Amino acid sequence: MTEQRTRRIVGSNAERTRLHNRQVVLGHIRQGTPMGRAQIARASGLSTQAVSNIISELHGEGLLQEAGRRIAGRGLPAVQYTLNPEGAHALGIEVRPDAVFAALVDLAGTPQFTHRVALTDARPEAVGEKVIALRQKALDETGRSADRLLGCGVVMPGPFGETGLSHAGQSALTDWAGIAPETFFEDLLGLQVTVENDATAAAVAERVPVVAAYLDRFCFLYFGTWRGLGFVSGGQLQRGAFGNAGEIGHMIVEPGGRPCACGNQGCLETYVSRLAIRDHLAGAGVAVTSGSELEALYRSQSRPLMDWLDSARAPLAQAVGLIENLLDPQTVILGGAMPDILFDHLIMSLDLPKSSVAARPERDNPRVMRGASGRFTAALGGAALVINQVFTPRIAAEA
């Protein structure tokens with residue numbers, strides 16, 4: 001796929017300032033406690049008149065709602081404002097070689113709709129048809145209006161651009177070479193589109209508002225098409241120079257080990273991934289097509305599945321130790337396209353390396369945790385990216 005670059009906001013300096021100030025006001029109100037105009041002005045450094053104008057505009061657009069009045073000193077009680085969760089919504093789409101996942105979230109980031117459809121043809125035209133149908137299904141089932149859609153976050157397996165890992169086996173999307181996904185989906189949907197890799201989007205999902213909502217520096221090991229790593233530092237996503245940071249699935253954990261589709265041997269993906277489970281079970285004559293089937297196998301203590309879980313412990317612990325020493329996160333979160341019960345088993349059975357900067361006597365968080373967004377993690381993260389853009393001032397980056 002064609003390399004993705006950050007979009008510039010086109011317009012006058014005045015337009016960028018206005019957008020920035022709207023985001024500043026929304027960001028303060030997003031914190032959850034109802035706020036009045038004077039309180040927002042003090043917190044933001046904007047004039048009371050400027051805040052009043054922005055509040056009136058946002059209230060008129062349905063993005064804010066009144067939340068009573070607050071008495072503070074003399075004069076009339078001040079009107080308090082909060083977000084109106086139903087004032088807008090965002091669509092998240094995850095494209096895998098074998099399925100498309102969709103999520104619709106409201107302005108507060110709360111999921112309103114999730115759905116998965118199988119994919120037998122991963123070419124752009126076939127994927128586009130599924131995405132159009134999923135958008136309509138989301139709007140129909142939630143009763144939301146298309147004109148209240150803020151945009152769409154599209155999540156795809158990397159790498160972006162032509163690299164040494166492009167077209168590596170079963171993770172590759174057919175006939176996407178040379179196509180800019182952002183342009184393709186914007187033309188298809190008539191919406192502003194943000195494209196992100198699956199592991200990075202999954203990390204965003206955990207920030208709004210579940211396991212990692214209070215964490216500023218954490219890593220997310222994502223079980224999707226293959227193994228990816230999302231990294232948040234200082235509350236900001238770390239994407240790398242070309243949007244390909246975190247392709248940890250092709251880290252070699254066993255020199256001379258199992259052959260990998262990338263051409264190397266002993267890659268993490270061949271030992272610890274969704275495809276690794278499927279291939280291991282297939283070798284034992286067990287076919288699985290869904291997470292519910294995997295969960296049923298676990299509850300029945302299927303010997304082939306338990307053998308895979310045992311074999312995955314050491315390479316996964318090795319990968320966690322490397323991540324800890326390289327990035328020093330508050331915690332490493334596991335999540336994605338596997339049943340929670342399997343993640344819990346892996347976490348409980350991990351023998352994490354003691355030769356790690358994370359092996360400290362005093363910790364605020366476990367070294368490894370399970371994510372809370374389930375198999376729709378990446379799609380929810382795509383929608384969360386759109387929501388975050390509404391609240392995050394970017395004037396410095398756009399100037």
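Only the coordinates and a few stated rules stand behind these numbers; no lab work does. All values reported here derive from a predicted model rather than from experimental measurement. Cβ placement follows ideal geometry from the backbone for every residue including glycine, while neighbour counts extend to all protein chains displayed.
Fully extending the segment from ARG363 to MET306 would add 17.5 nm, taking 0.36 nm per residue of separation and subtracting the current Cα-Cα distance.
Using the Cβ of GLY190 as centre and a radius below 13 Å, the other residues enclosed give a net charge of -2, where K and R count +1 and D and E count -1.
Each label was represented as a point 7 Å from its Cα along the Cα-to-Cβ direction; for SER47 and GLU293 these points are 6.6 nm apart.
For segment 306-399, the equivalent ellipsoid derived from the alpha-carbon gyration tensor has semi-axes of 30, 20, 11 Å in decreasing order. Using Cβ point charges alone (K and R +1, D and E -1), the dipole size of segment 253-399 about the Cα centre works out to roughly 60 debye.
Under 5 Å from the amide H of GLY228 lie the amide H atoms of TYR222, each residue being 5 or more positions distant or on a separate chain, with H modelled from the backbone and absent for Pro and chain starts. The calculated pair-distance distribution of segment 41-132 uses every alpha carbon pair, bins of 10 angstrom beginning at 0, and gives 14, 29, 21, 16, 14, 5, 1 percent.
What is the dipole size for the chain, taken about its Cα centre, with +1 at each Lys and Arg Cβ and -1 at each Asp and Glu Cβ, in debye to the nearest 20? Dipole magnitude for the chain comes out near 1260 debye. Computed over segment 15-69, the alpha-carbon pair-distance distribution with 5 angstrom bins reads 4, 21, 35, 29, 9, 2, 0, each value a whole percent. A cut-off of 5 Å between modelled amide H atoms, ignoring neighbours fewer than 5 places along the same chain, links MET369 with VAL332, ILE333, LEU334.
The Rg/Rh ratio for the chain, using Cα coordinates for both the radius of gyration and the Kirkwood hydrodynamic radius, is 1.00. Specify the longest stretch of the chain that does not include any exposed loop site, a site being one of the trypsin sites (Lys or Arg not before Pro) with a non-H, G, I, E, B DSSP assignment and at most 16 other Cβ atoms within 10 Å. The reported range is 75-353. Of all segments of the chain bounded by GluC sites (Glu not before Pro) found in a DSSP loop with no more than 16 other C-beta atoms within 10 Å, the longest spans 163-361.
Once each of the chymotrypsin sites (Phe, Trp or Tyr not before Pro) sitting in a DSSP loop with at most 14 other beta-carbon atoms within 10 Å is removed, the chain keeps 1-213 as its longest stretch.
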